[in-house]
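Undergrad: Can you keep this structure in mind? I'll have questions shortly.
The values are calculated or read from the model by the stated rules, or taken from the named source; none is laboratory data. None of these values were measured; they are calculated from a predicted model. FYI the Cβ positions are ideal-geometry reconstructions off the backbone, even for glycines, and counts take in every protein chain you see. The area values use the complete protein model at the heavy-atom level, side chains included, leaving out ligands, DNA and RNA. Shrake-Rupley method; radii C 1.70, N 1.55, O 1.52, S 1.80 Å.
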Amino acid sequence: MIVEANTVGFDSISLDSGATLAPIEIAYETYGALNPAKSNAILVLHAFSGDAHAAGISHETGKPGWWDNMIGPGKAFDTDRYFVICTNVLGGCRGTTGPASINPVTGCPYALSFPVITIGDMVRAQKMLIDWLGIPRLLSVSGGSMGGMQALEWAVAYPESVVSAIPIATTTRHSAQQIAFNEVGRQAIMADLDWNEGNYYGKNPPARGLAVARMVGHITYMSDDSMREKFGRRLRGKENFSFAFDVDFEVESYLRYRGSQFVNRFDANSYLYITKAMDYFDLATGRGTMAAALERTRARFLVISFSSDWLYPSYQSQEIVRTLRSRNCDVAYVELQSNYGHDSFLVDVAEQTDLVRGFLASTFERVK
């Protein structure tokens, strides 16, 4: 399935910071067909470094979408039955307005003059798109990691517009440890002399800092078991240590490769803005408590976590489930056994597919 990205423009958006961003563009892709009743639409929400290209083969790059193993005919999000939408988040760098976009006032990239954004702002922009598409109510909102945060925000901010939510490997607010890892990444970028206070467009980007930030992040996405299985202490193309600060171990080579690849597709300033939005996220903000926040929702929930995920550990998903149950909400919870750490929601999809397929089918029956 070859897919093309679409872009739609809006006059302005009001942000949680009090700023107004005008105009904005939102990049999105769709898969499947919207039924006449407009009752089969599902919004898939990407994790931190993702984009609107969730499934199929990109007409632009020739690469599969980041959740192609979950979205398509006969898959978990079955495009023979459902109309699936995915957007690039506000603040991103893959088609939606972000710090690399041109500020119409100056004619130059926004850089750090771009206003600080929140998960709520991202969801507000998505709601504008869904309204523009003429969809009154989403059958489901779903995503992993930061995508799960957006799914929770959707269910609480727009209760009349969401029938169900599938937050995966996520949380209602970052812990100190999660904030700490993001801050290390931000500091790595800002310590790179090429960052130039964010004004590097048209010059050398802060490639070294961004690569290090990605290397640190990628470690948190894996588990001890998966790293031991994949790399162990194997040496890279040699039989003995180099006794120099070169690549000796396979894991070193892998991290350097992942870091260098990330530099080619992601904007360093977007890294700063999106990680800050994740750290600011707290579902209870402006709503009293998490219980009061979740009491607003009318959605049914499927909450999924993974046993080896130490970045977004299962206790955070269990807190969501306990709170939903205390409000008599319709919620199912499963902790899946997996050795892939936080990346499990992207790569270990067999059981996840069965759960999502069944949950969506039963939800769809209710709205027919």
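Undergrad: Run the numbers for Asn204 and Trp310: contour at 0.36 nm per residue of separation, minus the present Cα-Cα distance, in nm.
TA: 34.7 nm
Undergrad: Considering lysine pairs in the chain that are 8 or more places apart or on different chains, how many have Cα atoms under 25 Å apart?
TA: 10
Undergrad: Then there's this: Where does the chain land at 222 nm, in deg cm²/dmol rounded to the nearest 500, when only DSSP H runs of n ≥ 4 count, each adding -39500 (n - 2.57), divided by all residues?
TA: That comes out to -11000 deg cm²/dmol.
Undergrad: Let me ask something additional. Give the long-range amide H neighbours of Ala41: residues separated by 5 or more places, or on another chain, with amide H under 5 Å away, using H modelled in the peptide plane at 1.01 Å from N.
TA: Phe83, Leu139
Undergrad: Let me ask you something else. Just going by the charge dipole of the chain, with Lys and Arg at +1 and Asp and Glu at -1 on Cβ, which of Ile117, Leu152, Asn204 is farthest out on the positive end?
TA: Selected residue: Leu152.
Undergrad: Another one. Using 0.36 nm per residue, how much length does the chain from Met227 to Ser113 gain when fully extended, once their Cα-Cα distance is taken away? If you can, show how the numbers build up before the last one.
TA: Working: separation 114, 0.36 × 114 = 41.04 nm, distance 3.94 nm.
The span from Met227 to Ser113 would gain 37.1 nm if fully extended.
Undergrad: Once you keep just the Cα pairs under 8 angstrom separated by 6 or more residues, what percentage relative contact order results for the range 123-203?
TA: Numbers: 76 pairs, mean separation 19.6, N = 81.
Across the range 123-203, relative contact order equals 24 percent.
Undergrad: With a sphere of radius 15 Å drawn around the Cβ of Leu90, what net charge do the other residues whose Cβ falls strictly inside it have (Lys, Arg +1; Asp, Glu -1)?
TA: Working: positive: Arg94, Arg124, Lys127, Lys276; negative: Asp11, Asp16, Glu25, Asp51, Asp121, Glu153, Asp267.
So the surrounding residues net to -3.
Undergrad: Under a Cβ-Cβ cut-off of 10 Å, what is the net charge of the residues other than Arg186 that fall near it, where Lys and Arg count +1 and Asp and Glu count -1?
TA: -1
Undergrad: For the range 1-116, rounded, prolate or oblate, judged on the Cα gyration tensor with a ≥ b ≥ c (square roots of eigenvalues), a/c < 1.5 rounded, else prolate if a/b > b/c?
TA: prolate
Undergrad: Among rounded, prolate and oblate, which fits the range 264-368 when a ≥ b ≥ c are the square roots of the eigenvalues of its C-alpha gyration tensor, a/c under 1.5 means rounded, and a/b larger than b/c means prolate?
TA: The shape class here is oblate.
Undergrad: List every residue whose amide H lies under 5 Å from the amide H of Asp16, counting only residues 5 or more places away in sequence or on a different chain, with H placed 1.01 Å from N in the peptide plane.
TA: Residues meeting the criterion, in which the H sits 1.01 Å from N, are Thr118, Asp121.
Undergrad: Please list, in order, the residues from the range 29-43 whose amide nitrogen is less than 18 Å from a point placed 7 Å along the Cα→Cβ vector of Arg137.
TA: Counting only backbone N, you get 34-43.
Undergrad: Could I ask something else about it? Suppose a student asked you for the relative contact order of the chain, using Cα pairs under 8 Å spaced at least 6 residues apart; what percent would you report?
TA: Numbers: 740 pairs, mean separation 63.4, N = 368.
Computed value for the chain: 17 percent relative contact order.
Undergrad: Which net charge results when you count Lys and Arg as +1 and Asp and Glu as -1 among the other residues whose beta-carbon is under 12 Å from that of Tyr158?
TA: Numbers: positive: Arg124, Lys127, Arg137, Arg296, Arg298; negative: Asp131, Glu153, Glu160.
Local net charge: +2.
Undergrad: Quick check: Cα centre of the range 53-83 to Cα centre of the range 129-180, how many Å?
TA: 19 Å
Undergrad: Work from the charge dipole of the range 264-368 (Cβ charges, +1 for Lys and Arg, -1 for Asp and Glu, about the Cα centre) and give the residue of Ser308, Tyr280, Leu360 farthest towards its positive end.
TA: Leu360
Undergrad: What whole-number value in Å² describes the accessible area per residue of the range 1-129 for a 1.4 Å probe?
TA: 38 Å²
Undergrad: Computed over the Cα atoms, what is the radius of gyration of the chain divided by 2.2 N^0.38 Å, N being its residue count?
TA: Normalised Rg, Cα atoms only: 0.98.
Undergrad: Now for a different question. Any chance you could run the full-extension gain for Glu351 through Glu252? It's 0.36 nm times the residue separation minus the Cα-Cα distance, nm to one decimal. Don't skip to the end; give the middle numbers.
TA: Values: separation 99, 0.36 × 99 = 35.64 nm, distance 3.15 nm.
Additional length available on full extension: 32.5 nm.
Undergrad: Would you mind computing the Rg to Rh ratio of the range 135-234 from its alpha-carbon coordinates, Kirkwood style for Rh? The partial results should precede the final answer.
TA: Values: Rg = 18.4 Å, Rh = 16.4 Å.
The Rg/Rh ratio comes out at 1.12.
Undergrad: Indicate the helices, whole DSSP H runs only, in the chain that combine a mean Kyte-Doolittle hydropathy of 0.5 or more with a Cα extent along their long axis of 15 angstrom or more.
TA: Once both thresholds are applied, what remains is 146-157, 207-221.
Undergrad: In whole angstrom, how far apart do the alpha carbon centroids of the range 293-355 and the range 20-40 sit?
TA: When both Cα centres are located, 26 Å separates them.
Undergrad: Tell me whether the range 174-316 comes out rounded, prolate or oblate; compute the Cα gyration tensor, take square roots of the eigenvalues as a ≥ b ≥ c, and use a/c under 1.5 as the rounded threshold.
TA: oblate
Undergrad: Which of the chymotrypsin sites (Phe, Trp or Tyr not before Pro) found in the range 213-258 are in a DSSP loop and have at most 12 neighbouring Cβ atoms, other than their own, within 10 Å?
TA: Those that pass, being in a loop and sparsely packed, are Phe241, Phe243, Phe245.
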